[in-house]
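J.: Input: one structure, supplied below.
The values are calculated or read from the model by the stated rules, or taken from the named source; none is laboratory data. None of these values were measured; they are calculated from a predicted model. In this analysis, Cβ positions are derived from the backbone assuming ideal geometry, glycine residues included, and neighbour counts consider all displayed protein chains.
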Amino acid sequence: MTVKKRLTRSRTNRMIGGVCGGLGEYFDLDPTLIRIAFVALIFLGMGSPLLGYILLWIIIPRGDKVAAQDDSVKGELPVTLPETTTEQKEEVAV
């Protein structure tokens, strides 16, 4: 079975919106290179990379939303862990 690659904004490798991280994950590139390219294009005045970034931020779905949609299609529910209370944290620290 082949796994479909989907372009999503990265939830783990992000600086602002996760766009460069998502592009890096999708194209198997270092996201730092994509970030440098965006900044270089901004300083060189080539087109409007800042506007392009904002549009990609709006258009590309977040990675966790796509995963939740895929799980619901398969009939599985996404796993969420409850937040740790302060009392539980104090017990662990003792």
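J.: Just to be sure I understand the filter: pairs with C-beta atoms under 6 Å, separated by 6 or more residues or on different chains, first member in the range 21-40 and farther than 9 Å from Ser10 by Cβ, second member surrounded by 14 or more Cβ atoms within 10 Å (Cβ to Cβ) and aliphatic (A, V, I, L, M). Which pairs pass?
T.: Close Cβ pairs satisfying both conditions: Tyr26/Leu7; Ile34/Leu23.
J.: On to the next question. Restricting the search to the range 52-84, which residues are at pLDDT 60 or above and loosely packed, with under 11 Cβ neighbours inside 10 Å? Lay out the reasoning, then the answer.
T.: Filtering the range 52-84 down to residues at pLDDT 60 or above leaves 52-65, 80-84.
The answer is Ile58, Ile59, Thr80, Leu81, Pro82, Glu83, Thr84.
J.: Continuing with the same structure: Within the range 13-51, can you find the residues that are under 10 Å from the mean Cα position of the chain (by Cα) and at pLDDT below 85?
T.: The answer is Asn13, Arg14.
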